[in-house]
Amino acid sequence: MFKIMIVEDDLTIAGVLKEELQKWNYEAFLVEDFSRVMEEFKDNAPQLVLMDISLPSFNGYYWCQEIRKASQVPIIFISSRNENMDIVMAIQMGADDFISKPFDLTVAVAKTQALLRRTYDFNESDNFLNFNRTVLKPGESKLYYEQQEVDLTRTELKILELLFLEKGEYVTREEIMVKLWEDESFIDDNTLAVNITRLRKKLAKAELLDFIVTKKGIGYALNKEAAHE
């Protein structure tokens, strides 16, 4: 049974979410002391976190960053702050998805299920993928290039896996979104673009500049020249 941590100071919303998730056989629990979010996270070891942005003491962005220092557990923000900038900020802070208030419980559960599937149904084998002089190891959630290694979130890993399998050929945005989020109605181009931007920054730090290329109106591909000497 998957354990889900709900960090939401509106007790009505938190209670409804918990009750709905329990109907789907998830073990959901509420954080009650919002100064002890990390303690609750470490003590309970949830498989997914539902996080509001506006919280007492520190906001959800802060707690998302703190969780990311210790874990790549999937995080979904739930907030009435639904401007594009809030969504972009959420993804940049390390969140995997965003649900705007007011929300339909069906959508909230569907997003939760999709994120859990793509995170924990992944084949944790020792298989790896090669492209030029880079190696992607799904079982470790890491990319290796020469003496460098890049830690990847599950979303970043799935994006790279799709691109590695195509070996430099373009993958459309729609194909990536369907693969990652199961249903395009639960994700938009903006969220995907933010994830790609964050991934490119990580790769650049490992001296893989322009490793992912974009063709307007087509999609994304691995740069066939980027990893060559």
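Going by the structure shown, is ARG173 among the basic types (Lys, Arg) and over 30 Å from ASP33 (Cβ atoms)? Yes. SER71 fulfils the conditions (1) crowded, with 16+ Cβ neighbours inside 10 Å; (2) in contact with a helix residue (DSSP H, G or I) (Cβ under 8 Å, 6 or more places away or on another chain); (3) among the polar types (S, T, N, Q) except for a single criterion, (1).
Restricting to the stretch 133-168, count the residues that are assigned to a loop (DSSP other than H, G, I, E, B) and closer than 18 Å to LEU192 by Cβ. First the steps, then the outcome.
Start the filter on the stretch 133-168 by keeping residues that are assigned to a loop (DSSP other than H, G, I, E, B), which leaves 133, 141, 146-147, 152-153, 167-168.
Narrowing the set further to residues that are closer than 18 Å to LEU192 by Cβ leaves 152-153.
Final tally of qualifying residues: 2.
Is there any pair linking a residue in the stretch 1-16 that is assigned to a loop (DSSP other than H, G, I, E, B) to one that is aromatic (Phe, Trp, Tyr) and open to solvent by less than 40 Å² (accessible area, probe 1.4 Å), with Cβ under 7 Å and at least six apart or on different chains, and which? What qualifies is MET1/TYR26; PHE2/TYR26; ASP9/PHE34.
Scanning the stretch 104-132 for residues that are outside any helix (DSSP H, G or I), at pLDDT below 85 and surrounded by fewer than 17 Cβ atoms within 10 Å (Cβ to Cβ) yields a count of 10. Only one of the listed residues (SER35, SER54) is part of a loop (DSSP other than H, G, I, E, B) and without any contact (Cβ under 8 Å) to a residue 40 or more places away in the chain. That residue is SER35.
Is it the case that the stretch 27-41 has a residue that's open to solvent by 60 Å² or more (accessible area, probe 1.4 Å) and within 27 Å of LEU157 (Cβ to Cβ)? Scanning the stretch 27-41 turns up at least one residue that is open to solvent by 60 Å² or more (accessible area, probe 1.4 Å) and within 27 Å of LEU157 (Cβ to Cβ). Got a sec? Which of LEU162, LEU192, LEU203, LEU180 is open to solvent by less than 10 Å² (accessible area, probe 1.4 Å), modelled with pLDDT of 90 or more and of a type in the set (A, V, I, L, M, F, W, C)? Going through LEU162, LEU192, LEU203, LEU180 in turn, the sole match is LEU203.
Restricted to the stretch 1-20, and to residues there that are touching a helix residue (DSSP H, G or I) at 6+ places or on another chain (Cβ under 8 Å) and under 25 Å from GLU66 (Cα atoms), the residue that is modelled with the lowest pLDDT is PHE2.
The values are calculated or read from the model by the stated rules, or taken from the named source; none is laboratory data. Given the structure is predicted, the values throughout are model-derived calculations rather than measurements. All Cβ positions, glycine included, derive from the backbone under ideal geometry; neighbour counts span all protein chains shown. Calculation scope for accessible area: heavy atoms of the full protein, side chains included, ligands and nucleic acids excluded. Shrake-Rupley method; radii C 1.70, N 1.55, O 1.52, S 1.80 Å.
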